[in-house]
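Read through the structure below, which is laid out as structure tokens, and then see the notes.
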Amino acid sequence: MSNMSRMESSATSDQCRKVAETLCRNYKKKGEKWYQWCLREQYANCMHQNPPK
């Protein structure tokens, strides 16, 4: 599953996923739906701030 052309953007993607998971930890207590919503929002926000070069 390695795709060399996407290495840079996937590094950002992985970083953003980790950031989102950290920020959304508290939402897990509210339920999976809230957690998934938070992950989507935070991940999109992070990717928007760090566009692929």
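Things worth noting here:
- Distance between modelled label sites at THR12 and LYS30, nm, 7 Å Cα→Cβ extension: 2.7
- Unit Cα scatterers, Debye sum, the stretch 4-49: log10 I(q)/I(0) for q = 0.22, 0.23, 0.24 Å⁻¹: -0.68, -0.72, -0.76
- Taking GLU32, GLU21 and counting other C-beta atoms within 10 Å, the order from fewest to most: GLU32, GLU21
- Spin-label model, VAL19 to HIS48: label points 7 Å out along the Cα-to-beta-carbon direction sit 1.2 nm apart.
The numbers here are math on the coordinates, done by the rules we state, and not lab data. The model shown is predicted, which means the values in this text are computed figures rather than measured ones. Reconstructed Cβ throughout: ideal geometry from the backbone, glycine too, with neighbour counts over all protein chains shown.
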